[in-house]
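The values are calculated or read from the model by the stated rules, or taken from the named source; none is laboratory data. All values reported here derive from a predicted model rather than from experimental measurement. Here Cβ is always computed from backbone atoms with ideal geometry, including for glycine, and neighbour counts include all displayed protein chains. When the accessible area is computed, the model is the full protein with side chains, heavy atoms only, and any ligands, DNA or RNA have been set aside. Shrake-Rupley method; radii C 1.70, N 1.55, O 1.52, S 1.80 Å.
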Amino acid sequence: MTEFTLDLNDDQRQVRDWLHGFAADVIRPAAAEWDEREETPWPVIQEAAKVGIYSLDFYAQQFFDPTGLGIPMAMEELFWGDAGIALSIVGTGLAAVGVLANGTEEQVGTWIPQMYGDADDVKLAAFCSSEPDAGSDVSAMRTRAVYDEAKDEWVLDGTKTWATNGGIANVHVVVAVVDPALGSKGHASFIVPPATPGLSQGQKFKKHGIRASHTAEVVLDGVRVPGHCLLGGKQKLDERLARARERAASGEGDGRVKNAAMATFEASRPAVGAMAVGTARAAYEVALDYATTRSQFGRPIIDNQGIAFQLADMRTRIDASRLLVWRASWMAATGKAFTSAEGSMSKLFASETAKQVTAQAVQILGGNGFTREYPVERMHRDAAIYTIFEGTSEIQRLVIARTLSGVQIR
């Protein structure tokens with residue numbers, strides 16, 4: 001088993017430095033423009049594909065890093081550059097994780113390459129779980145998938161919301177209800193191939209932050225997908241549903257029955273924490289530089305304890321967040337169970353840290369921090385998303401409390 005370490009090896013350091021250079025030279029100079037445009041930054045994504053960052057090979061190498069640190073290291077550096085553009089570059093990854101978490105080997109090999117394309121023909125993917133009335137409460141999901149046995153097809157109907165790359169993606173991964181009587185245990189995930197009739201983009205959202213990332217509704221109207229597009233296959237689904245029905249009939253708990261959407265979010269929470277660390281670190285560095293160069297009353301403002309102590313707290317929280325993220329990522333990579341909800345801990349603490357640190361950075365820059373002439377204003381807006389998507393902070397606390405106590409706290 002790989003031992004936990006805080007020292008990156010030579011290969012990891014080279015990758016980190018390469019990503020940092022791309023974030024500094026390509027992402028950051030474009031950040032303000034695409035934030036204002038509120039459009040997908042295709043030129044930056046294409047440049048990332050050209051150098052090998054937006055590619056299946058790169059993410060596979062990081063995902064299968066035996067230390068578990070490849071993905072969080074990559075997320076931190078890219079989101080240090082800019083959260084909106086970075087999310088456009090890595091957003092396909094959530095759909096890919098959905099296939100890895102729920103699909104067969106054949107499905108993984110067939111669909112994930114189609115999510116990325118290549119440097120000459122870039123593709124995108126979208127993971128569609130949330131609905132207008134079903135965000136944190138996945139049991140309220142209404143999108144239905146009905147099996148047409150005669151044609152060996154699944155028919156999907158419903159509306160998804162808050163989908164990164166929704167509607168513009170080439171491949172959509174959709175979570176739908178196959179047995180409403182089982183609540184959240186009656187869900188399954190489906191691949192919707194490119195150009196499938198009946199799938200369309202609904203409302204595109206104008207957002208507070210991460211504005212360079214495309215977020216929209218996805219409308220499914222009689223969408224028919226082949227039977228082999230059910231992730232995991234029908235036999236596995238039928239067996240899982242049968243176990244859930246047996247437990248429901250006997251009054252037993254069903255905690256061991258996997259939910260399709262939750263399996264994806266469990267795998268991605270430490271990565272979201274790493275994104276938050278990157279944004280927080282970027283804001284801290286701007287604030288530190290400003291505090292050492294900005295003078296008031298004849299001396300740098302960092303000479304004041306009120307400023308210096310804030311910076312000390314900011315750096316401490318950032319480093320603590322990274323430690324929690326790395327621990328959870330290492331545990332996941334080495335097969336250690338999250339017996340204390342370590343994945344949720346990392347996402348919770350890092351997300352709250354990003355909100356706090358970016359707010360402090362705005363305060364340290366004063367009036368300048370409130371303008372778009374300085375990037376901390378954008379970073380503060382971007383940081384708000386981390387405590388919301390892929391499980392709100394309140395949901396993370398609920399998961400942690402339930403795990404620690406064994407009580408179904410509501």
(message) Can you tell me how many residues within the stretch 141-171 are part of a strand (DSSP E or B), more than 22 Å from residue 185 (Cβ to Cβ) and of a type in the set (D, E, K, R)?
(response) 2
(message) Can you find a residue that is within 30 Å of residue 289 (Cβ to Cβ), open to solvent by 60 Å² or more (accessible area, probe 1.4 Å) and touching an Asp or Glu at 6+ places or on another chain (Cβ under 7 Å) anywhere in the stretch 333-352?
(response) no
(message) Considering only the stretch 303-324, I want to know if a residue exists there that is aromatic (Phe, Trp, Tyr) and outside any helix (DSSP H, G or I).
(response) no
(message) When you check residue 101 against the structure, is it hydrophobic (A, V, I, L, M, F, W, C), open to solvent by 20 Å² or more (accessible area, probe 1.4 Å) and farther than 24 Å from residue 275 by Cα, yes or no?
(response) no
(request) For the stretch 194-230, enumerate the residues that are over 30 Å from residue 35 (Cα atoms) and open to solvent by 10 Å² or more (accessible area, probe 1.4 Å). (result) 196, 197, 198, 221, 222, 224, 226, 227, 228
(request) With the checklist (1) open to solvent by 60 Å² or more (accessible area, probe 1.4 Å); (2) modelled with pLDDT of 95 or more; (3) not acidic (Asp, Glu) in hand, flag the one item residue 322 doesn't pass. (result) (1)
(request) Within the stretch 1-51, track down each residue that is part of a loop (DSSP other than H, G, I, E, B), open to solvent by 50 Å² or more (accessible area, probe 1.4 Å) and over 30 Å from residue 336 (Cα atoms). (result) 39
(request) State yes or no: is residue 355 part of a helix (DSSP H, G or I), crowded, with 24+ Cβ neighbours inside 10 Å, touching a residue at least 12 places away in the same chain (Cβ under 8 Å) and of a type in the set (D, E, K, R)? (result) no
(message) I'm told residue 54 meets every condition in (1) open to solvent by less than 50 Å² (accessible area, probe 1.4 Å); (2) without any contact (Cβ under 8 Å) to a residue 12 or more places away in the chain except one. Can you identify the failing condition by its number?
(response) (2)
(message) Let me confirm something: among 148, 152, 157, which residue is in contact with a Pro (Cβ under 8 Å, 6 or more places away or on another chain) and at pLDDT 95 or above?
(response) 152
(message) Consider the stretch 116-136. How many of its residues are touching a strand residue (DSSP E or B) at 6+ places or on another chain (Cβ under 7 Å) and surrounded by 17 or more Cβ atoms within 10 Å (Cβ to Cβ)?
(response) 8
(request) Report, ordered by the first and then the second residue, all pairs with beta carbons closer than 6 Å, sequence separation of six or more or different chains, a first member in the stretch 271-292 that is surrounded by fewer than 24 Cβ atoms within 10 Å (Cβ to Cβ), and a second member that is of a type in the set (Lys, Arg) and in a helix (DSSP H, G or I). (result) none
(request) Considering only residues that are open to solvent by 30 Å² or more (accessible area, probe 1.4 Å) and hydrophobic (A, V, I, L, M, F, W, C), look in the stretch 378-402 and name the one that is modelled with the lowest pLDDT. (result) 389
(message) Where the second residue is part of a helix (DSSP H, G or I) and open to solvent by 50 Å² or more (accessible area, probe 1.4 Å) and the first is farther than 14 Å from residue 282 by Cα and lies in the stretch 13-33, which pairs have Cβ atoms under 6 Å and are six or more apart or on separate chains?
(response) 26/47
(request) Keeping to the stretch 153-184, report how many residues are among the charged types (D, E, K, R), open to solvent by less than 30 Å² (accessible area, probe 1.4 Å) and over 30 Å from residue 208 (Cβ atoms). (result) 1
